[in-house]
Amino acid sequence: MRERILGFIMFVIAVAALIGSLKLLNWTPDMLQEGLPSTYGSIDEVKSKLHIRDIYIPSYYPQGLQWPPARITAQSKPYAMILMEFKRKEDNNVSLAISQTTLPNPVPNAMIEMTRTNERVNFPFKGRNALLEVGLCKDNEQCCRISWNESSYHIEVAMVAPPSEIVKIAESMVYEQAQ
C-alpha cells in the first residue's frame with residue numbers, strides 16, 4: 001500500500017513538473033519577442049505593453065472614417081514604431097495611415113502607397129517644417145502625404161483625400177511651438 005501511495009505521489013509530481021515545463025516553454029517566446037513588431041487591439045494596449053509614452057493621435061478625423069483604427073502595428077525593438085490604419089465607412093478600404101518612428105529610422109510600409117507624386121512642397125505649420133506631397137495612389141485616386149519631425153519622432157500621415165483634409169489632421173496632432 002505504501003508503494004502505491006508513493007507511486008501516486010511521484011506520478012502527481014511528474015505531471016506537475018511536465019505542466020510547469022510546458023507553461024514555461026509557452027511563456028518563453030513572448031518574453032523573447034516582446035517589443036518586436038506585433039498587431040495590437042488598441043492604443044492603450046500599445047502604451048502599456050511597449051511602454052511608449054508619446055503616441056501622436058489626431059483630434060480631428062473626417063466623418064467618413066471609422067474609429068478605432070482598423071489595424072495598429074507597433075514595436076519597441078530595434079526602434080520604436082507605430083503604424084495606425086483607418087478605413088472608410090463607405091467601402092471599408094484603408095484611407096488614412098499614420099506612422100511614427102524614432103529618428104532616423106525608416107517609416108513602415110502602409111496600405112496607402114503613393115504611386116505618382118505630382119507636387120512636393122515644404123509646408124510650415126505650427127512652428128514646424130513639414131513636407132507635403134500630393135499625387136496619385138493605386139486606382140488613380142488622389143492622395144497626399146505630410147511628414148515632419150516631432151521631438152525624437154518622425155511622423156508621416158498619408159490619406160486618400162485632398163491636401164486640405166490631411167493638413168487639418170496633421171495640425172490636430174501637434175501643439176503650437178513657442179517662438
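Rule-based calculations on the coordinates, nothing more; no lab input. These numbers come from a predicted model, not from an experiment. Cβ sites come from the backbone with ideal geometry, for glycine too, and all protein chains shown count toward neighbours.
The table below gives the values:
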read-out: Environment charge at Gln100 (Cβ cut-off 11 Å; Lys +1, Arg +1, Asp -1, Glu -1); value: -3
read-out: Neighbourhood charge, 14 Å Cβ-Cβ cut-off, centred on Tyr60 and excluding it, Lys, Arg +1 and Asp, Glu -1; value: 0
read-out: Cα-based reach from Lys77 at 18 Å (exclusive), listing lysines while leaving out same-chain residues under 8 positions away; value: Lys47, Lys49
read-out: Exposure proxy order (Cβ contacts within 10 Å, fewest to most) of Ile57, Ile52; value: Ile57, Ile52
read-out: GNM top mover of Glu133, Glu85, Glu45 - the chain, alpha-carbon springs below 10 Å; value: Glu45
read-out: Value of Rg to Rh for the chain (Rh from inverse mean 1/r over Cα pairs, i.e. Kirkwood); value: 1.25
read-out: Relative contact order, percent, the chain [alpha-carbon distance under 8 Å, six or more residues apart]; value: 16
read-out: Reduced Cα scattering model of the range 97-179, Debye log10 I(q)/I(0), q = 0.16, 0.18 Å⁻¹; value: -0.58, -0.73
read-out: Gained length - Leu103 relative to Ile19, 0.36 nm times residue gap less alpha-carbon distance; value: 25.8 nm
read-out: Whole-Hz couplings from phi, Karplus 6.51/-1.76/1.60, listed for the range 38-54; x for Gly and Pro; value: 8, 9, 10, x, 7, 5, 4, 5, 4, 4, 6, 7, 9, 6, 9, 6, 8
read-out: Residues of type lysines that Lys87 reaches as a straight line, Cα spacing below 20 Å, ignoring anything fewer than 8 places off in the same chain; value: Lys138, Lys168
